[in-house]
Amino acid sequence: MSALEILSSKLRSDIESAADEAYRSLYDESELLRDQTSLDVVHRLSICGSTTRKLVNNLRERNHPAYIFDATFERSGDYFEHYYAVLRLGGRAIIADPTWTQFIENDIEALRQPKVLIGTRGQVAEYAKNNGVDDELLMLWDRKAGLSDQSVHYPNPRIVTDPALIDLL
């Protein structure tokens, strides 16, 4: 069984479950979220840092080494800040992006999509492109997003990173 076939079963289920717990936790902890939105749309909000931190912690509790990846990049003076989880699986980096649907402008289309975007860099970028994400934003999942001189790495010293994962992206 290949790494990606394994991904489609237990790990995918663990990632989705960990993300659901992250959404629920953020919603329960925030009076503002409870007052202004519903749990069903938390994944659509631009709260990627908070959501990803909780997702990574939840995955680690399930014995899946996960890391926060900072995909911030600058283009023409505009900064695109975004964070998502990265896991190592069979010599490959797997992205788990719990707030990717914030980049789909059509709300109805966004709600039809999976809450968490899961796959290799290429799979994730292709899926995003084919499902309503503007081409300008594909750098968020493209290799250049994390390795360019314009990228700013996540500054929180409490988060352990695995530099070897960057080579896999």
Hey, what's segment 43-106 come to in accessible area per residue, 1.4 Å probe, Å²?
41
Tell me, in nm to one decimal, what length is gained between S9 and D107 on full extension, where the rule is 0.36 nm per residue of separation less the Cα-Cα distance?
32.4 nm
Suppose the Debye formula is applied to equal point scatterers at every Cα of segment 1-140; what is log10 I(q)/I(0) at q = 0.17 Å⁻¹?
-0.93
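The values are calculated or read from the model by the stated rules, or taken from the named source; none is laboratory data. These figures come from a predicted structure and were not determined experimentally. Ligands, DNA and RNA are excluded from the accessible area calculation, which covers all protein heavy atoms including side chains. Shrake-Rupley method; radii C 1.70, N 1.55, O 1.52, S 1.80 Å.
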